[in-house]
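To start, the structure itself, in structure tokens.
The values are calculated or read from the model by the stated rules, or taken from the named source; none is laboratory data. Given the structure is predicted, the values throughout are model-derived calculations rather than measurements. Every residue, glycine among them, receives a Cβ derived from its backbone with ideal geometry; neighbour counts consider all protein chains shown.
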Amino acid sequence: MLNRRTLRIKIMQMLFAYEQCKEANYLLGIDSIETFFKPDLNSMKIQDKEMLKGQREVATRLFEKKFSGEDVPESPDPRVQESVDEAISLVAKLNKKDYSYFRKHILLEVEKINGLYISVLNLIPALESVAAQDKRISAKVFSGNPFVVALRDHSALRKETLRNGGSWDQRMDLVRDWWRECVKPDKTVQDYLAMTKPETADHTQFIKHLVRKLILGKTPINAWYEEHDLWWAEDHEIIRSMTDKTLKSMDEEGALEIQKLSLNWEEDKDFVERLFSSAAQLDAEYHALIAGHTKNWEVDRLPLTDRVILHMALAEMLAFPNIPVKVTINEYIELAKEYSTPKSRQFVNGILDVLSKELVRTGKIRKSGRGLIDNK
């Protein structure tokens, strides 16, 4: 089941990708100015290359200043101003397009986790089906495994498969390859298949080994998931946790509980959409506030992950009055520790502590709800 930290990680991923797109769009703006002042080789007029070069340099500097938010007068040269206006317009158009894309797809990325989880569960009986067809071994123990039986006959799993995908019916050739390459040759698998009267503990240990070491371990199966999921490094741990909880849920009657993506998906969706939008469109005054408290650091030279984390933390403090400031700060310290540089945890902690106190003092951060009046 997803928790708020997992959702923050997903939002961080999308914001990181969006910021990379913005940086690429900025470079496209620079390129558009360079193209604007290239000599026209088809023109019959003599091209003054030195003049074009000078105009390009002036236009580029003007674009950079306007892009950074400086209030600069228009150029007296109409062509310079035209090139700058076109570049600014291009970047704004591309940024708007990218923002819409990521805002639309962030929920799809979160919901995709459920499809991955369902596919891992379905892969267990799919491998059993292939094993049962292998004439060189006896798969009776595998076919009689209580977990396999429960998954194969689970009506809720079938419904979730229809809703979210995750069936292997159209990829059984791939499952057969995996069986031959990494599952069948495994010693633990061979020892299990050779058992005549396995006990419950044997069945349990086998399934745990199959999932943790062969499906989600360093094998071609895990490599396939990594290839098909851009964020598999993070999603992998979520899928493993959800699968473990499913296997642990089996009762004496052989019933398994399929994990829900969220206890309250509508509430979590609102959290994801609001935090992403608030962080992506953080007011310029808060960018300036961050810059003013980074001391000897240049904001643009900070690791992108740190910048994203700071934007998210400020956005969460401002947009979610029911989340305590200390909870927010602790969450983003952990994200910095896990996903950024060794010094980032201390840096993020220090900056957020100073910024939060200033924003509380100025009334920009207002918390409401039980236990939140004084932000403790």
Cβ pairs under 7 Å, 6+ apart, first in segment 123-152 and aromatic (Phe, Trp, Tyr), second not in a helix (DSSP H, G or I): Phe147/Met250
Criterion: modelled with pLDDT of 95 or more and either exposed (fewer than 15 other Cβ atoms within 10 Å of the Cβ) or at positive phi (or both) - qualifying residue of Ser43, Ser68, Ser32, Ser100: Ser100
Residue, surrounded by the fewest Cβ atoms within 10 Å (Cβ to Cβ), within segment 143-172, restricted to residues that are within 13 Å of Ile124 (Cβ to Cβ) and of a type in the set (A, V, I, L, M): Val149
Sole exception among (1) modelled with pLDDT of 95 or more; (2) assigned to a helix (DSSP H, G or I) for Leu162, by number: (1)
Residue satisfying all of: in segment 1-43; of a type in the set (A, V, I, L, M, F, W, C) and outside any helix (DSSP H, G or I); nearest to Gly54 (Cα to Cα) among these: Phe37
Residue within segment 255-262 that is within 17 Å of the chain's Cα centre (by Cα), in contact (Cβ under 8 Å) with a residue 60 or more places away in the chain and in a helix (DSSP H, G or I) present: no
Candidate set from segment 227-254 (those that are in contact (Cβ under 8 Å) with a residue 40 or more places away in the chain and among the aliphatic types (A, V, I, L, M)); member that is nearest to Leu216 (Cα to Cα): Ile239
Index of the failed condition, Met242 passing every other in (1) over 30 Å from Lys96 (Cα atoms); (2) surrounded by fewer than 18 Cβ atoms within 10 Å (Cβ to Cβ); (3) touching a Phe, Trp or Tyr at 6+ places or on another chain (Cβ under 7 Å): (2)
Answer from Asn349, Asn330 - the residue that is on the phi < 0 side of the Ramachandran plot, at pLDDT 95 or above and not aromatic (Phe, Trp, Tyr): Asn330
Residue match in segment 52-74 (condition: more than 16 Å from Glu34 (Cβ to Cβ), touching a residue at least 12 places away in the same chain (Cβ under 8 Å) and not in a helix (DSSP H, G or I)): yes
Residues within segment 12-22 that are touching a Leu at 6+ places or on another chain (Cβ under 8 Å) and over 12 Å from Glu234 (Cβ atoms), tallied: 3
Options Lys213, Lys269; residue that is under 30 Å from Tyr192 (Cα atoms) and buried (at least 16 other Cβ atoms within 10 Å of the Cβ): Lys213
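Quick grid of which residues meet (1) hydroxyl-bearing (Ser, Thr, Tyr); (2) on the phi < 0 side of the Ramachandran plot; (3) surrounded by fewer than 15 Cβ atoms within 10 Å (Cβ to Cβ):
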residue	(1), (2), (3)
Thr6	yes, yes, no
Phe36	no, yes, no
Thr60	yes, yes, no
Pro78	no, yes, yes
Test: residue in segment 189-208 that is more than 14 Å from Asn145 (Cβ to Cβ), in the same structural domain as Ala132 (by TED's automatic domain parsing), buried (at least 18 other Cβ atoms within 10 Å of the Cβ) and among the hydrophobic types (A, V, I, L, M, F, W, C): no
Positions within segment 249-278 being touching a helix residue (DSSP H, G or I) at 6+ places or on another chain (Cβ under 9 Å) and within 18 Å of Thr204 (Cα to Cα), in sequence order: Met250, Gly254, Ala255, Leu256, Glu257, Ile258
